[in-house]
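So the structure is just underneath, and the comments pick up after that.
The values are calculated or read from the model by the stated rules, or taken from the named source; none is laboratory data. What you see is a predicted model, and the numbers here were worked out from it, not measured in a lab. Heads up, the Cβs are rebuilt from the backbone with ideal geometry, glycines too, and the neighbour counts pull from every protein chain shown.
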Amino acid sequence: MLDHLKEEGQVVLVVNDTYMDIDVMCDAIVQSSINAKEIRRCTFGPKDKGDFATIQLELETNGPENIAIGDEIYEQIEDADVLFIHFCPVSEKLLEKAKHLKLIMTNRGGVEHVNVPAASKRNIPVVNCIRNAEAVCEFAIGLMIDLSRDISLANRSLHEGGWQREFYNTSFQRTLSNSKVGLIGLGNVGCLLARKLLALGVEVLAYDAFTDEEMLKKKRISEVKLCKDVDDLLKEADFVSLHLRLVKETENWFDMDKIRKMKKTAYLLNTARGGILDYDDLRIALKEGIIAGAALDVFDHEPPVEDDPLKQMDNVIMTSHLGGTTLDSFGLSPYLAAKDVTAIIEEDVTERIVNLKQITI
Ligand SMILES: NC(=O)c1ccc[n+]([C@@H]2O[C@H](COP(=O)([O-])OP(=O)(O)OC[C@H]3O[C@@H](n4cnc5c(N)ncnc54)[C@H](O)[C@@H]3O)[C@@H](O)[C@H]2O)c1
């Protein structure tokens, strides 16, 4: 499949950004089955990571259409056969210029930055890359254990000269393997996390608006108890872990109404996106003891404002959006993307073509 990319003379446009090394992206193309005669290099977006985060949020919420990119990218794409991006927005306007384009590849899982319908209209495959689901899962399990066993709190106490053995949750503390974990969202991260938790002997409940028992079987997680209604999960789970994408429908979706349905002794984890959880409601819930605690890797504002009350709460673990950022999963992800494209070209593996059903190859 996509055999023509093996033919000599492909022009590849690589667009990096402040988070992704251009040399690694170009080297990944060299190592793939794409027969590139020329690899062009452009860069998208501001260098400053704070400014970039603002653009990233806009892209994830509203898509690529209103984000400005440099003129150079418009010029370089005109006769390019392949576009390899990290976060660079691919709008309809950019695609109008791309008369030769045969493949868009991104070394991210989300494709909110690509106008996929516009690419499909032009019969261009869009290939994504599952780069850090493993990393996020391991991180989430770490947070669950930390929350329930007070590792961070005990560590802080010792560093400050103390020897604390009683914590806010001592009266209802339990082992993870004796707990029920409720996963909201069973996509790449949710499914993998379910598999890992089941292997640890944990009872796993899940809610996903677009999943059924058949899918659980395919993903080898049929022991997961699928809840038809999110409320059923909320009233049973000792840990509720969010793994949805941020889209219009999920914005502030997890609010006080849902928090109130959780057990008073339950913990909430958010390693997905700040925008899907109503943080004002969460602040009230944690202060008033409506739930036991929370672990948060993502926030409504990143970084959180200096006087965010969450910072003063013992029952909150906060990390700085670290869930997916190991070197193997993030920094070297261009090689994973290149491997996925090679698998399409050499072995007809179609799993990573996000618009497979909308195009003819
Ligand atoms: N903390 C980090 O560093 C980090 C790293 C990677 C990914 N993430 C985030 O983790 C989250 C999960 O990523 P993923 O790759 O598993 O996403 P995914 O798209 O594979 O999965 C999302 C799941 O949510 C389900 N869903 C969508 N709308 C829903 C709704 N209204 N109700 C119930 N279910 C719904 C979908 O069916 C899908 O199964 C994303 O928000 C992603 O941005 C965070």
**Request:** Would you please name the residue that is surrounded by the fewest Cβ atoms within 10 Å (Cβ to Cβ), looking only at residues in segment 9-41 that are on the phi < 0 side of the Ramachandran plot and among the small types (Gly, Ala, Ser)?
**Result:** Ser33
**Prompt:** Among the residues of segment 72-92, how many are under 26 Å from the mean Cα position of the chain (by Cα) and either surrounded by fewer than 18 Cβ atoms within 10 Å (Cβ to Cβ) or within 16 Å of the ligand (Cβ to nearest atom) (or both)?
**Reply:** 3
**Fill in**
Scanning segment 97-124 for residues that are of a type in the set (S, T, N, Q) and touching a strand residue (DSSP E or B) at 6+ places or on another chain (Cβ under 9 Å), the one surrounded by the fewest Cβ atoms within 10 Å (Cβ to Cβ) turns out to be Ser120
**Asked** Does Ser120 satisfy being of a type in the set (Gly, Ala, Ser), away from the ligand (no atom under 16 Å from the Cβ), assigned by TED's automatic domain parsing to the domain that holds Pro334 and farther than 21 Å from Asp348 by Cβ?
**Response** no
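Residue-wise test of (1) away from the ligand (no atom under 16 Å from the Cβ); (2) among the basic types (Lys, Arg); (3) modelled with pLDDT of 95 or more.
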site	(1), (2), (3)
Leu94	yes, no, yes
Lys97	yes, yes, yes
Ile104	yes, no, yes
Val127	no, no, yes
Ser157	yes, no, yes
Gly162	yes, no, yes
Phe167	yes, no, yes
Leu176	yes, no, yes
**Request:** Examine segment 70-79 for a residue that is modelled with pLDDT of 95 or more, within 24 Å of Gly109 (Cβ to Cβ) and out of contact with any Ser or Thr (no Cβ under 6 Å at 6 or more places or on another chain), and state whether such a residue exists.
**Result:** yes
**Request:** From Leu277, Leu296, grab the single residue that is farther than 21 Å from Asn132 by Cα and within 13 Å of the ligand (Cβ to nearest atom).
**Result:** Leu277
**Request:** Read through the list (1) within 13 Å of the ligand (Cβ to nearest atom); (2) under 18 Å from the mean Cα position of the chain (by Cα), then give the number of the only condition that Ala337 fails.
**Result:** (1)
**Every pair of residues 6+ apart whose Cβ atoms lie under 8 Å, when the first sits in segment 242-255 and is part of a strand (DSSP E or B) while the second is near the ligand (Cβ under 7 Å from one of its atoms) and not hydrophobic (A, V, I, L, M, F, W, C)** = Leu242/Gly185; Leu242/Thr271
**Request:** Identify, by number, the condition in (1) more than 28 Å from Ser157 (Cα to Cα); (2) without any contact (Cβ under 8 Å) to a residue 12 or more places away in the chain; (3) part of a loop (DSSP other than H, G, I, E, B) that Ala343 doesn't meet.
**Result:** (3)
**Request:** Mind listing whichever residues of segment 178-196 are more than 16 Å from the ligand (Cβ to nearest atom) and touching an Asp or Glu at 6+ places or on another chain (Cβ under 6 Å)?
**Result:** Ser179, Lys180
**Request:** Give just the number: which of (1) modelled with pLDDT of 95 or more; (2) closer than 12 Å to Gly185 by Cα does Leu246 not satisfy?
**Result:** (1)
**Asked** Tally time: how many residues in segment 256-274 are buried (at least 24 other Cβ atoms within 10 Å of the Cβ), within 13 Å of the ligand (Cβ to nearest atom) and free of Cβ contacts under 8 Å to residues at least 60 places away in the same chain?
**Response** 1
**Request:** Evaluate segment 307-324: report whether one residue or more is away from the ligand (no atom under 14 Å from the Cβ), more than 24 Å from Leu193 (Cβ to Cβ) and touching a residue at least 40 places away in the same chain (Cβ under 8 Å).
**Result:** yes
**Item:** Qualifying residues in segment 174-217 (those that are of a type in the set (D, E, K, R) and closer than 23 Å to Ile151 by Cα) - the one surrounded by the fewest Cβ atoms within 10 Å (Cβ to Cβ)
**Value:** Arg174
**Request:** Would you please name the residue that is farthest from Glu302 (Cα to Cα), looking only at residues in segment 249-270 that are among the hydroxyl-bearing types (Ser, Thr, Tyr) and in contact with a Leu (Cβ under 7 Å, 6 or more places away or on another chain)?
**Result:** Tyr267
**Prompt:** What do you reckon, is Lys219 farther than 27 Å from Arg131 by Cβ and within 12 Å of the ligand (Cβ to nearest atom)?
**Reply:** no
**Message:** Being at pLDDT 95 or above, in the same structural domain as Phe84 (by TED's automatic domain parsing) and assigned to a helix (DSSP H, G or I) is the requirement here; does Ala337 meet it?
**Reply:** yes
